[in-house]
Amino acid sequence: MDIKLYGCATAIGSLPHKEPAGALKLIFEFLPDIPHWPQLPAGGEDEGFVRQYLNPLLSRGLLKTETGRSPFFDTGAPDWLERLTAFYSEVLEPDEAVDRFGFPRDYASGFYAFLEHLGTYGTGSALYLKGQLSGPVTIGFQLTDAHMQPAFYLDELRDVLVRSLALQVRWQSRALAAFGLPVILFIDDPSIINFGQSTFVGLSRQAVKESLLPLIEAAHAEGALAGVHACAGVDWSLLFELPFDIVNIDVYHYFTSLLVYARELDSFLERGGVLAFGIVPTSDEVEAETARSLLDRLEEYMAALERKHVNGKRLRKQMLLTPSCGTGTLSESQAQRVYQLLQQAGTEYRR
């Protein structure tokens with residue numbers, strides 16, 4: 001992994017602003033090394049965490065919307081097979097299909113404002129540009145078939161979703177790479193936490209890995225680094241086994257969950273992976289923290305991992321700093337504090 005990542009800071013994606021201008025000001029002021037485009041769920045339903053990535057399936061008639069329920073695969077339609085066939089005819093030539101799988105402006109005002117900002121002002125001191133999209137496990141449990149069965153459990157529907165997301169990874173990576181910098185593309189998939197829970201016995205390790213791998217491969221095909229963000233204390237071995245370049249963990253709240261997987265983490269670092277420490281809380285707790293208190297906490301965590309025989313030199317070099325999660329549920333002033341602390345902590349860490 002490129003040493004330029006050492007101690008840099010970036011964020012997960014969402015911000016509380018309704019309009020892009022304030023969000024972009026925050027991003028470029030406090031995260032100049034790895035700015036990201038802002039997701040703005042407060043801007044409207046179409047910019048929501050899941051809905052933002054559904055347009056390719058809605059516009060092709062594979063998903064349907066009805067009042068009172070989430071979008072669902074229209075598997076009961078008389079011409080469902082014809083719609084499905086048309087979709088596969090298109091996606092089986094992915095290089096040709098990429099440009100048709102982006103999101104329209106009204107689904108991602110922050111993305112287009114980010115591109116326009118870069119086009120007007122340039123990339124400044126940035127080392128990388130970061131994008132993100134919601135992951136297949138999370139979306140796959142939000143979507144259903146016509147009979148309310150979660151799409152992730154249905155092989156055909158899961159495959160359609162994964163193929164659509166993989167093309168969106170490629171489209172987004174290309175759009176960002178046009179500015180001449182390397183790209184980092186994060187897959188944000190909080191529902192991975194459901195793996196291993198008794199109420200989700202049908203959620204297999206193999207299905208999760210098979211749904212994530214095509215997205216990683218899509219990023220790599222475009223020359224982008226592939227990262228993953230999962231909330232809470234998941235089975236980290238699952239993510240360390242996949243060819244992710246970056247694994248992002250909310251260590252502020254769930255660091256102890258990582259200790260169980262110290263051996264797998266060490267192997268991940270040995271092959272060049274980067275651990276992104278989600279060290280700044282995205283809650284009211286941020287008011288009580290300082291850059292110094294967060295770096296002291298980070299040092300405690302690194303020392304604990306070293307005691308578990310994780311290579312300390314690699315750990316301290318192959319790392320990023322991030323918030324624990326997105327800031328979309330915070331106030332604008334709290335989001336600014338999160339980004340300020342990130343900048344201060346990253347600057348101090350690299351001294």
### Task
From G131, G110, G124, grab the single residue that is in a strand (DSSP E or B), touching a residue at least 60 places away in the same chain (Cβ under 8 Å) and under 27 Å from A9 (Cβ atoms).
G131
### Task
From A113, A77, grab the single residue that is more than 26 Å from the chain's Cα centre (by Cα) and of a type in the set (A, V, I, L, M).
A77
### Query
Looking only at segment 230-259, which residues are part of a helix (DSSP H, G or I), under 17 Å from F186 (Cα atoms) and not hydrophobic (A, V, I, L, M, F, W, C)?
E241
### Query
Do we find that G180 is within 17 Å of the chain's Cα centre (by Cα) and outside any helix (DSSP H, G or I) in this structure?
no
### Task
Take segment 313-330 and flag every residue that is among the hydroxyl-bearing types (S, T, Y), crowded, with 23+ Cβ neighbours inside 10 Å and either without any contact (Cβ under 8 Å) to a residue 12 or more places away in the chain or part of a loop (DSSP other than H, G, I, E, B) (or both).
S324, T327
### Query
For segment 275-304, which residues satisfy the criterion of being within 24 Å of the chain's Cα centre (by Cα), β-branched (V, I, T) and more than 18 Å from G233 (Cα to Cα)?
V286
### Task
Please indicate, with yes or no, whether at least one residue in segment 25-33 is in a strand (DSSP E or B) and either basic (K, R) or over 19 Å from S283 (Cα atoms) (or both).
no
### Message
Take V162 and tell me if it is farther than 17 Å from L84 by Cα, of a type in the set (A, V, I, L, M) and in contact (Cβ under 8 Å) with a residue 24 or more places away in the chain.
### Response
no
### Contacts under 9 angstrom Cβ, first residue in segment 226-245 being within 14 Å of N194 (Cα to Cα), partner of a type in the set (D, E) and outside any helix (DSSP H, G or I), 6 or more apart
A230/D188; A230/D189; A230/D250; C231/D188; C231/D189; C231/D250; A232/D250; G233/D250
### Summary
Out of (1) touching a helix residue (DSSP H, G or I) at 6+ places or on another chain (Cβ under 8 Å); (2) small (G, A, S); (3) more than 22 Å from P104 (Cβ to Cβ), the one S164 does not meet is (3)
### Query
Is segment 331-350 home to any residue that is closer than 21 Å to P35 by Cβ, more than 23 Å from the chain's Cα centre (by Cα), among the charged types (D, E, K, R) and surrounded by fewer than 23 Cβ atoms within 10 Å (Cβ to Cβ)?
yes
### Summary
Among (1) modelled with pLDDT of 95 or more; (2) under 25 Å from Y254 (Cβ atoms), N194 falls short only on (1)
### Task
For residues that are crowded, with 18+ Cβ neighbours inside 10 Å and among the acidic types (D, E), tally how many sit in segment 61-73.
0
### Task
Looking only at segment 248-265, count how many residues are surrounded by 20 or more Cβ atoms within 10 Å (Cβ to Cβ) and in contact (Cβ under 8 Å) with a residue 40 or more places away in the chain.
7
### Query
Which ones in segment 59-105 are of a type in the set (A, V, I, L, M, F, W, C), assigned to a loop (DSSP other than H, G, I, E, B) and within 18 Å of L165 (Cα to Cα)?
L62, L92, F101, F103
### Query
Does any residue of segment 201-210 turn out to be over 12 Å from the mean Cα position of the chain (by Cα), hydrophobic (A, V, I, L, M, F, W, C), surrounded by fewer than 22 Cβ atoms within 10 Å (Cβ to Cβ) and within 21 Å of A11 (Cα to Cα)?
no
### Task
For D106, state whether it is of a type in the set (D, E, K, R), at negative phi and at pLDDT below 95.
yes
#### Entry: Residues that are exposed (fewer than 15 other Cβ atoms within 10 Å of the Cβ) and part of a helix (DSSP H, G or I), drawn from segment 287-310
E287, A288, R292, S293, D296, E299, E300, A303, R307
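The values are calculated or read from the model by the stated rules, or taken from the named source; none is laboratory data. All values derive from a computational prediction rather than experimental measurement. Cβ coordinates were reconstructed from backbone atoms using ideal geometry, including for glycine residues, and neighbour counts include every protein chain displayed.
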